[in-house]
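Chemist: Here it is, the structure in full.
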Amino acid sequence: MAGFIRRYQTFPGTEVITAIEGVIIVDLAPPGAINGVGAGTVALVGEFADMKHGVSVDPTDGDVSTSPQPVEIFSGQDMLNKVGGWDETLGDFGDAGGNGFVALRNKKFARLVAVPINLASPKGVRVWRELPTNKSVTNPTPIVLPAPATVAAGREFKNSTSRVRLCTAHTFTGIGHYKQGVDGAIVATGGPATPKLFSSALGGFLTAKSGGPVQKGDLLVLGQIDGAGALGANAGTYRVTADASSNTQLNVEKMDAATFDWTSGTAQPYRVHPASDGDSGGIAKSGDANGYTLPARPLDATIAVNVVVNPTLVPPAGEQTSWDSLSGLQMQAHSSSGLVYSANTQAPNAVNHADLEALYALAMDSLINDQSPANEVNILLVARHSEVIRAFQKAHVLTASQRGLGRTTVISPELTEVSVDTILGDTDPGVGTNRTERVDYAWPGFRTFVPEAVGFSIEGADARFYTDGQLDTHADTWLGSILSNLAPERNPGQAASPVPDVMAPVLGLQRLAPVMDMSHYIQFRAKGVCAPRYDKSSGGFIFQSGITTSLISGEKNIARRRMADFIEDSLAQRFNQFAKLPLTAALKDTLVGETDAYLAGLLSINNPPAQRISGYIIDEKSGNTPDLEDKGIWVLISKVRTLATADFLVVQVEAGEGVNVTVT
């Protein structure tokens, strides 16, 4: 060999090349590809039964604070798991809306993010269940094996004056007992003081739990339900009030901390379970603030300290041969401040109030950050409607678009606004108040069938109540669903796929919607209203005009704004990977080459069915000067002509006996 072979990933300097004779291989990576960003990610802010992603709970004292956390939803079941299901007390039905479940029901999204608002009391609660008692005096195994069981978000509890709903689901475990025996002994003390002493000569309580002591908060299951004498009189689930300090004794209390006395007995069957099998409080006795960590929402009034409330729908009570997974279910208000009630936000079907609107503003603000999935949202939808919230939406998308991906929003007036003149007006709730090409305005709303609402008395837009499950819903979430499923260059007013599929669950326009003809739709288009109508040719509802609220020439079409965002965000995402690199000729060539390749792909000359733009030019010269480059600034200008949509198709026909149709 006359020299050495060397290989480099970048072109080496002259000193490197001349260091030794031989062959230099420069193995350059080909230009990368610009991948288009997602253009159909929807975020919905609303009132959901499960608010765990809308709150933060301090595990040391049960303090519940507002902390909206956008969470991505991947399926219908995933939605139920993360933000809960149907709750008829959430939202102002027939007017302002707000119910997040209804806003999403029957709609399809390419990608969905939910942001729950916080309606919980400032302090948490605890819930517990009774565990199955023992089979017999000589057999301490449970009547039935304790199974995992979930108390659903939105589950209602009540006493004679108040109702409260759990604001997050809680699941009891089914780990099972870690200690059992048949030599339990209890002695009547002659007084109601609590806690009480439980004894077992063979106990081993100091090493019973993974080599350590039985812990505070763990559960003692004693006796046999309906058994004779002490066996039945003391049967039940008790909470251990302190870590075991004796090998043979435990201090226990009733689950509700009520005072009690034993019926004396010996040779009693017992089991010890981890707290998680039957109590949400964990390592805490009654009265310990750290045991009350589940957010809850009172519906009627403040609930006092330590008050115990029973489920409105009571699970079957445990019996000697059978046991429901939630037998003995109860809830207890916080040990220091109970559950504080605010009618402005927590009342059933609360109407608009500044306190609610402030919570919505906080939830929208949570979508302005650099963390996924918030930083991938293109379309903002809000379940509740008010003048203040609509203004928040406009301000939000303008701010969010300045800081990251281009973002648009769809707004609607309250369902009770059914005057065409009002809708066309320049004062809220009219379309003219929030004009910008990033705000779309959809009206009137639609009726759709929500099976979960059957049997519940739900107000319609006509102020009457219905139990058939046919609910009036705002148009904005339907238009948002179309936008999510449609390529950005497409007109959301089209009747072609996927619009018929998205709109299939629509039963008709909302109650009290006016009768509209072509003259109305001409006005709507002129003023920036996306108004739905029934299209006979497609057999379903469409939005007549896919227009923004902007009246500025060039900003009218929703598709133009969305496609511009798509192109800009796609280029910016790729260019950002080259930021801070040396501004070499090679880097400039790379940026130009990748931009050209990306736009050529959108133009798709060799594959016309894939065409997404009608033309483009790239200019790397006119925007640059030596002075700018000295400051680290380099400008690449791309001009892209987007595709017009076939909004106005003219069919010219001459028909008659005297028409000349001579073929040449």
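Bear in mind that the values in this text are calculations on the coordinates, not laboratory data. Bear in mind that the values here come from a model prediction, so they are computed numbers and not experimental data. Note that we place each Cβ from the backbone using ideal geometry, even for glycine, and neighbour counts take in every protein chain shown.
Chemist: Hey, if you put +1 on the Cβ of every Lys and Arg and -1 on every Asp and Glu Cβ in region 601-664, which of 660, 650, 634 ends up farthest toward the positive end of that dipole?
Modeler: Farthest towards the positive end: 634.
Chemist: To the nearest 20 Debye, how big is the dipole of region 126-332 about its Cα centre, given +1 on the beta carbon of each Lys and Arg and -1 on that of each Asp and Glu?
Modeler: 320
Chemist: I'd like the trypsin sites (Lys or Arg not before Pro) in region 579-638 restricted to DSSP loop residues with at most 15 other Cβ atoms within 10 Å, sorted by number.
Modeler: Here the trypsin sites (Lys or Arg not before Pro) that fit, given the DSSP loop and packing criteria, are 580, 621, 631.
Chemist: Where does the charge balance sit around residue 583 when Lys and Arg score +1, Asp and Glu -1, over other residues with C-beta under 14 Å from its C-beta?
Modeler: Local charge sum for residue 583: -2.
Chemist: Quote the relative contact order of the chain in percent (integer), defining contacts as alpha-carbon pairs under 8 Å separated by 6+ residues.
Modeler: 14
Chemist: For region 540-620, what number results from the quotient of the Cα radius of gyration and 2.2 N^0.38 Å?
Modeler: 1.42
Chemist: Give me the net charge of residue 385's neighbourhood, meaning all other residues with Cβ under 10 Å from the Cβ of residue 385; Lys, Arg count +1, Asp, Glu -1.
Modeler: With Lys, Arg at +1 and Asp, Glu at -1, the net is -4.
Chemist: Got a sec to turn the phi values of region 379-388 into Karplus ³J(HN,Hα) couplings, 6.51 cos²θ - 1.76 cosθ + 1.60 with θ = phi - 60°, whole Hz, x for Gly and Pro?
Modeler: Along region 379-388, the couplings run 10, 9, 10, 10, 6, 9, 10, 7, 4, 5 Hz.
Chemist: Checking the table 107/536; 107/158; 394/580; 209/254; 588/631; 556/588 against a 26 Å threshold on Cα-Cα, which pairs fail?
Modeler: Violating the 26 Å limit, Cα to Cα: 107/158; 394/580; 556/588.
Chemist: Further question on the same structure: Do any chymotrypsin sites (Phe, Trp or Tyr not before Pro) in region 70-171 lie in a DSSP loop with no more than 10 other beta carbon atoms within 10 Å, and if so, which?
Modeler: Filter output for region 70-171: empty list.
Chemist: Right, here's the next one. Please return the longest stretch of the chain lacking exposed loop sites, where GluC sites (Glu not before Pro) count only if DSSP places them in a loop and at most 10 other Cβ atoms lie within 10 Å.
Modeler: It works out to 22-653.
Chemist: Convex hull volume of the Cα atoms in the chain, per residue, in Å³?
Modeler: 287
Chemist: Give the long-range amide H neighbours of residue 547: residues separated by 5 or more places, or on another chain, with amide H under 5 Å away, using H modelled in the peptide plane at 1.01 Å from N.
Modeler: Residues meeting the amide H criterion: 558.
Chemist: Loop-only trypsin sites (Lys or Arg not before Pro) in region 132-229, please: DSSP not H, G, I, E or B, and at most 14 other Cβ atoms within 10 Å.
Modeler: Loop-located and lightly packed - none at all.
Chemist: Enumerate the lysines that residue 52 could reach by cross-link, defined here as Cα to Cα under 16 Å, with residues fewer than 8 away along the same chain left out.
Modeler: 82, 123
Chemist: Oh, and also: Summarise the long-distance tail of P(r) for region 582-664 by giving the % of C-alpha pairs beyond 20 Å.
Modeler: 58
Chemist: Please report how far the C-alpha centroid of region 550-613 lies from that of region 328-361, rounded to the nearest whole angstrom.
Modeler: Going from one Cα centre to the other spans 48 Å.
Chemist: Using the Cα centre of region 193-264 as the reference point, and only Cβ charges (+1 on K/R, -1 on D/E), how large is the resulting charge dipole? Debye, rounded to the nearest 20.
Modeler: 140
Chemist: Something else: Using a Förster radius of 45 Å, what is the FRET efficiency between residue 202 and residue 74 based on their Cβ-Cβ separation? Nearest 0.05, please.
Modeler: 0.30
Chemist: Starting from the Cα coordinates of region 126-332, work out the convex hull volume and express it per residue in Å³.
Modeler: Residue-normalised Cα hull volume stands at 112 Å³.
Chemist: I would also like to ask the following. Could you give the C-alpha radius of gyration of region 197-253 expressed as a fraction of 2.2 N^0.38 Å, taking N as the number of residues it contains?
Modeler: Here the answer is 1.15, to two decimals.
Chemist: With the contact rule set at Cα under 8 Å and sequence spacing of 6 or more, what percent relative contact order holds for region 582-664?
Modeler: It rounds to 23 percent for region 582-664.
Chemist: If the viscosity is 1.306 mPa s and the temperature 10 °C, what translational diffusion coefficient in µm²/s does Stokes-Einstein give for region 29-117 when Rh comes from Kirkwood over Cα pairs?
Modeler: Approximately 107 µm²/s, per Stokes-Einstein.
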